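A.B. asks: Quick one: the structure is below, questions incoming.
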Amino acid sequence: MAAIELSSEEQVFLLEILERADHNLRVEIVNTDKRDFRHELKQRELVLEKLIDRLKNTPG
């Protein structure tokens, strides 16, 4: 597992990017008609949400 150290400013910036990506992904899921693709997007959303949670719970 790779580890990187982020400054508080970098952590906030990364969190903003990930939250924006999460929002965009949700919009894409809603607008997707293909069931298989929607499932793949939902799997990505789960990974993204876990990353966001981990970043929010990291002291910094």
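No value in this document is a laboratory result; all are computed from the given coordinates. Values in this document were obtained by computation on a predicted structure and should not be read as measured data. All Cβ positions, even for glycine, are placed from backbone atoms using ideal geometry, and neighbour counts span all protein chains on display.
A.B. asks: Say we join alpha carbon atoms closer than 10 Å with springs in a Gaussian network model of the chain; which of VAL30, VAL47, VAL12 then has the biggest fluctuation?
C.D. replies: Residue with maximal mean-square fluctuation among VAL30, VAL47, VAL12: VAL30.
A.B. asks: Going through the chain, which GluC sites (Glu not before Pro) have at most 11 other Cβ atoms within 10 Å and a DSSP loop state?
C.D. replies: Hits after loop and neighbour filter: GLU5.
A.B. asks: Would you list, by chain and number, the aspartates and glutamates whose Cα falls below 12 Å from the Cα of LYS50, excluding same-chain residues fewer than 8 positions away?
C.D. replies: GLU19, ASP22
A.B. asks: Using every pair of alpha-carbon atoms in the range 8-56, split the distances into 10 Å bins beginning at 0 and state the percent of pairs per bin, rounded to integers.
C.D. replies: 27, 47, 20, 5
A.B. asks: Oh, and also: With a cap of 15 neighbouring Cβ atoms within 10 Å, and only residues DSSP puts in a loop, list the trypsin sites (Lys or Arg not before Pro) found in the chain.
C.D. replies: Counting only loop positions with at most 15 other Cβ atoms within 10 Å, the trypsin sites (Lys or Arg not before Pro) in the chain are LYS34.
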